[in-house]
Structure formats: structure tokens, C-alpha cells
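Peer 1: Sending over a structure as C-alpha cells; questions will come in a sec.
Please treat every number below as a calculation from the coordinates, not as lab data. As the structure is a computational prediction, the values presented were derived from the model and not from experiment. FYI the Cβ positions are ideal-geometry reconstructions off the backbone, even for glycines, and counts take in every protein chain you see.
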Amino acid sequence: MTTAIVQTGMSFEEFVSRYGDDANYELIDGELIEMESTGLHEQVGAFISRKLNVQIDRLDRPYFMPYRCLIKPLGIASAFRPDVIVLDEEELSKEPLWMREPIVTMGTTIKLVVEVVSSNWQNDYARKYEDYEALEIPEYWIVDYLGIGGKYYIGSPKQPTITICQLVGGEYQKTLLRRGDRIASPLFPDLNLTCDRLFEFGEQG
């Protein structure tokens with residue numbers, strides 16, 4: 001996925017009105033960001049969704065993964081469009097915007113967010129990390145299947161890495177997973193998914 005700033009100074013309301021249904025755009029601090037997904041990026045997100053759906057069905061939890069969903073963080077001019085998101089149906093009645101638009105504003109509604117890293121990796125590792133933590137989203141995955149994030153976040157030499165962020169005491173505790181590791185999800189403890197399986201997508205190019 002590649003990104004480009006298209007417009008600045010846009011409000012959240014204007015973004016929702018003009019681009020709320022367009023999966024190619026999101027808003028960060030008033031900047032309209034155009035996102036162009038690669039096929040591999042979409043494959044990784046779809047594969048993770050399939051694995052998580054199996055767990056939701058097996059556990060018979062009141063969770064679901066919407067095809068379209070925006071997260072409105074605490075900032076007044078941002079709207080994130082996550083690659084994968086797991087919502088709690090029982091919390092939706094408390095969401096002020098949900099009945100009109102597929103927009104969530106409360107961390108209690110969101111059980112898990114996954115961002116698949118692409119050319120805009122700074123947003124996934126820094127800006128979204130901070131906002132998801134502030135919303136107190138309990139679990140956040142950063143799936144860097146190409147190993148393109150900054151050395152500060154994934155180490156040196158850079159390599160494919162999955163960062164599992166778990167909210168503990170209001171702050172994220174990070175676990176970095178690499179080749180040979182299994183993804184341990186607090187939400188889905190019986191999840192059968194290895195890093196190697198996701199990293200295989202990056203080896204196709």
C-alpha cells in the first residue's frame with residue numbers, strides 16, 4: 001500500500017460526508033490521506049480476518065468484523081480505517097454514531113485492531129499506536145510482514161516482525177514476534193496462527 005496527502009484542513013464531518021464510504025481514504029489530523037493497496041496487503045488482511053472469524057464462530061462470542069468501519073480517535077480531525085477490526089455487538093448501543101454510519105468512537109466497543117504495515121508505517125507504529133492506546137483498545141497488532149518499519153520499532157537488521165500490543169494498566173505492553181514464533185492473542189487464546197505463515201506473503205514478490 002502506498003499513501004499520499006491529498007488535502008489538508010479537512011474536518012471529521014466533511015471527511016465522513018465525502019469519503020466515509022470510500023475505502024481508499026482516511027483522515028489524520030485534518031490531512032486527507034489517499035491509500036492505494038497492493039494485492040499482497042489485501043491478502044494478508046483477508047487471511048487474518050478468516051482466521052479470526054473461525055475463532056469467533058468457535059467460541060460463539062458476540063463479536064463481528066465489519067467490512068467497512070471507521071475509528072474516530074480522540075482527535076477532532078482524524079478517522080482511521082483499520083485493515084481488520086473486531087467489534088463487540090453488545091457495546092454498539094452505546095456508540096453515538098453507529099446507527100447512522102459505521103463509525104466507532106469508544107475503545108470498549110473494539111476488541112482488537114490489526115494494521116498491516118505498508119509505506120505509511122510511521123502511522124501504524126506511532127500515531128495510531130498512541131491513539132489506540134488512548135482509546136484503551138485492549139489488543140492491537142502491527143503486522144509488518146515485509147519488515148519495512150523503522151529500526152527503532154523492529155530492530156536492526158530489519159526483518160519481518162509482528163508487534164502484539166496488549167493494554168495493561170492503561171498502557172500498551174509490546175511483544176515483538178519474528179520467524180518461528182506463534183501469535184499469542186489474549187482475545188483468542190486458541191488461535192492457531194504463526195508468523196511464518198504471514199511472512200510467506202512477503203516472499204511472493
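Peer 1: When you check Lys151 against the structure, is it surrounded by 15 or more Cβ atoms within 10 Å (Cβ to Cβ), touching a Lys or Arg at 6+ places or on another chain (Cβ under 8 Å) and of a type in the set (Lys, Arg), yes or no?
Peer 2: Judged against the criteria, Lys151 is not a match.
Peer 1: Further question on the same structure: Being under 18 Å from Met65 (Cα atoms), of a type in the set (A, V, I, L, M) and in contact (Cβ under 8 Å) with a residue 12 or more places away in the chain narrows it down to one of Val44, Val16, so name that one.
Peer 2: Unique residue meeting the criteria: Val44.
Peer 1: May I pose another question? Taking the options Leu112, Leu146, Leu167, Leu97, name whichever one is under 22 Å from Asn24 (Cα atoms), in a strand (DSSP E or B) and in contact (Cβ under 8 Å) with a residue 12 or more places away in the chain.
Peer 2: Only one candidate passes the filter, namely Leu112.
Peer 1: Would you pick out the residues in region 115-133 that are in contact with a helix residue (DSSP H, G or I) (Cβ under 8 Å, 6 or more places away or on another chain), assigned to a loop (DSSP other than H, G, I, E, B) and under 25 Å from Arg18 (Cα atoms)?
Peer 2: Ser118
Peer 1: Determine, yes or no, whether Ile110 is within 13 Å of the chain's Cα centre (by Cα) and over 15 Å from Thr161 (Cα atoms).
Peer 2: Against the criterion (within 13 Å of the chain's Cα centre (by Cα) and over 15 Å from Thr161 (Cα atoms)), Ile110 qualifies.
Peer 1: Same structure, new question: Output the number of the condition that Phe188 fails; it satisfies all remaining conditions of (1) farther than 16 Å from Tyr140 by Cα; (2) part of a loop (DSSP other than H, G, I, E, B); (3) not hydroxyl-bearing (Ser, Thr, Tyr).
Peer 2: (1)
Peer 1: In addition: Filter region 158-205 for residues that are closer than 16 Å to Ile48 by Cα and among the polar types (S, T, N, Q) and give the result.
Peer 2: Across region 158-205, the qualifying residues are Thr161, Thr163, Ser185, Asn192, Thr194.
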